[in-house]
Amino acid sequence: MSTPTYIGIEGARIALAEIGIHLTHRQIKRAADPDPNGKRKLPFFVDPIDKRLKIDKNTLLDIYIRIQVNAENSAKINVASLRKGLEPRL
């Protein structure tokens with residue numbers, strides 16, 4: 001099990017930008033703020049020491065990977081067969 005790396009709002013924005021998901025500070029903040037039912041879109045928590053929102057970087061990236069895999073699995077086109085067709089033949 002890897003050691004968690006906790007990042008704040010800006011760190012989350014940067015981590016997502018590194019994988020091609022460019023969001024504004026406001027968009028990340030909206031995902032971190034609780035809705036009227038007290039649920040957050042992303043699993044941010046309030047750090048008990050500095051009282052700022054934090055999230056584990058690996059959790060954030062895993063969420064996006066999981067969503068991508070679900071999208072591929074539910075698509076009408078079989079993504080795995082497309083990838084095989086793109087591999088160079090030896």
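The values are calculated or read from the model by the stated rules, or taken from the named source; none is laboratory data. For clarity, every value in this text was computed on a predicted model and none was experimentally measured. Heads up: the accessible areas ignore ligands, DNA and RNA and are worked out on the full protein's heavy atoms, side chains in. Shrake-Rupley method; radii C 1.70, N 1.55, O 1.52, S 1.80 Å.
Counting only Cα, what are the radius of gyration and maximum Cα-Cα distance Dmax of the range 1-53, in Å?
11.9, 34
Roughly speaking, to the nearest percent, how much of the chain's 1.4 Å accessible area is carbon and sulfur?
56 percent
Principal axis extents for the range 30-72, Cα atoms only, whole Å, descending order, please.
Principal-axis extents of the range 30-72 (Cα, largest first): 39, 24, 12 Å.
Could you work out the relative contact order of the range 1-49, using alpha carbon pairs under 8 angstrom and six or more residues apart, expressed as a whole percent?
23 percent
Where only protein heavy atoms count, and the probe is 1.4 Å, what is the accessible area per residue for the chain in Å²?
Accessible area per residue: 81 Å².
Mind pulling the per residue volume of the convex hull built on the Cα atoms of the chain? Å³ is fine.
Dividing the Cα hull volume of the chain by its residues yields 163 Å³.
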